Amino acid sequence: MVVMARALITGITGQDGRHLAEFLHTKGYEVFGLVKGQNNPKAESIRDEFPFVQLVPGDLADFSSLVSALEMSQPDEVYNLGAISFVAMSFNQAELTGNITGLGVLRMLEAIRLVGGARKNPIRFYQASSSEMFGKVRETPQTEMTPFHPRSPYGVAKVFAHDITVNYRESYDMFACSGILFNHEGPRRGLEFVTRKITNSVARIKLGVQSELVLGNLEAKRDWGYAGDYVEAMWMMLQQPKPDDFVVATGKSHSIEQLLEVAFAAADLKDWRQYVRQDQRFFRPAEVDLLIGDATKAKTKLGWQPKVGFNELIEMMVRHDIDYETKRAK
Ligand code: GDR
């Protein structure tokens, strides 16, 4: 009898949770997804889109719910993608961000120690670490060895989460890995993030239902890759003989202005400047100016490579948003 591997994903309703659930399903996994709240509309959409996912109730703010979720799903692998993930929001809801994005990881590690301790095969744990931990960067490009200097409550919480994951690996010999993922995008990205905000607005401007696009800092530079490529790296990390941390990035950086250039051109709209206005309300109290990752370790040890380039990614998102907005207008 073939025994299917079992995976529990927190953050299943987010962009990465959806990509990872799909990916693990194609690999033959039994996929469980942690969902919080009562009558959660996002959980409903997971039921509709991914009927193979078994939803398990629980919340990263509630330790005993995590213990129950682990007992119920009996996972071989846990992917912790759940977080307050919007950097701008973390400035207004700093305590909540610390509790979910930071302490939530400690609760999950403790729950795994408690439930997984008696198992023959230890539960393998993946933590979604972030390039936001590098913040005011100490060196360029950033590697696994670059010191952290976070610039937001989100970044600070992710540093705690990263360090506690390393600490549990070293203290309790847990199979715990962190993927330090740089920005990763795609049509499933939430509308609050700058790539999707831009590609969706481009689509709406093209269709004549929006006239301007209001943004914050246009000078920030990010290393943007495709989310579908990045979830494969998460899985690869948990298949290694030993747990470790890996940077996952494309090694190429672009400014928001370059992003605007490519996105407007993808819809045959000339001169993005005539549509874009800047407003103080979208600037952050502290900014991360430049991120560019060096994924040499992931390439050599995991055999991972990004497949989708920057222009291709943005063009894919604009195409998707034109279809999406056309259907919505009907
Ligand atoms: P980021 O992503 O903060 O890098 O974190 P986001 O897309 O929100 O911002 C990228 C850059 O764009 C600038 N910007 C704006 N951003 C938004 N959202 N809206 C605007 O109107 C706007 N105008 C300019 C921002 O100032 C910033 O410099 C993402 C998240 O997914 C994190 O959870 C993840 O950890 C990191 O990527 C890697």
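Per-structure values
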item: Residue among Ser65, Ser45, Ser90, Ser85 that is free of Cβ contacts under 8 Å to residues at least 40 places away in the same chain and within 21 Å of the chain's Cα centre (by Cα); result: Ser45
item: Some residue of the stretch 40-56 being basic (Lys, Arg) and closer than 22 Å to Ser129 by Cβ; result: no
item: Residue in the stretch 8-24 that is under 23 Å from Lys158 (Cβ atoms) and without any contact (Cβ under 8 Å) to a residue 60 or more places away in the chain present; result: yes
item: Residue within the stretch 280-289 that is in contact (Cβ under 8 Å) with a residue 60 or more places away in the chain, among the basic types (Lys, Arg) and farther than 21 Å from Glu132 by Cα present; result: no
item: Residue, surrounded by the most Cβ atoms within 10 Å (Cβ to Cβ), within the stretch 125-159, restricted to residues that are away from the ligand (no atom under 14 Å from the Cβ) and farther than 13 Å from Asp245 by Cα; result: Pro141
item: Residue within the stretch 15-27 that is surrounded by 14 or more Cβ atoms within 10 Å (Cβ to Cβ) and at positive phi present; result: no
item: Residue in the stretch 35-50 that is in the same structural domain as Thr165 (by TED's automatic domain parsing), closer than 20 Å to Val105 by Cβ and of a type in the set (A, V, I, L, M, F, W, C) present; result: yes
item: Extreme residue, farthest from the ligand (Cβ to nearest atom), among residues of the stretch 82-105 that are part of a loop (DSSP other than H, G, I, E, B) and crowded, with 23+ Cβ neighbours inside 10 Å; result: Gly82
item: Gly135 in a loop (DSSP other than H, G, I, E, B), of a type in the set (Gly, Ala, Ser) and within 22 Å of the chain's Cα centre (by Cα); result: yes
item: Selection from the stretch 116-132 of residues that are at pLDDT 95 or above and part of a helix (DSSP H, G or I); result: Ser131, Glu132
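One line per residue, one yes/no per condition, for (1) closer than 23 Å to Glu185 by Cβ; (2) assigned to a helix (DSSP H, G or I); (3) at pLDDT 95 or above:
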{"residue": "Val2", "(1), (2), (3)": "no, no, no"}
{"residue": "Leu8", "(1), (2), (3)": "no, no, yes"}
{"residue": "Ile12", "(1), (2), (3)": "yes, no, yes"}
{"residue": "Gly17", "(1), (2), (3)": "yes, yes, yes"}
{"residue": "Leu20", "(1), (2), (3)": "yes, yes, yes"}
{"residue": "Leu24", "(1), (2), (3)": "yes, yes, yes"}
{"residue": "Leu34", "(1), (2), (3)": "no, no, yes"}
{"residue": "Asn39", "(1), (2), (3)": "no, no, no"}
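The values are calculated or read from the model by the stated rules, or taken from the named source; none is laboratory data. What you are looking at is a predicted structure, and each value in this text was computed from that prediction instead of being measured. Quick reminder, even Gly has a Cβ in these numbers, built from the backbone with ideal geometry, and neighbours come from all protein chains shown.
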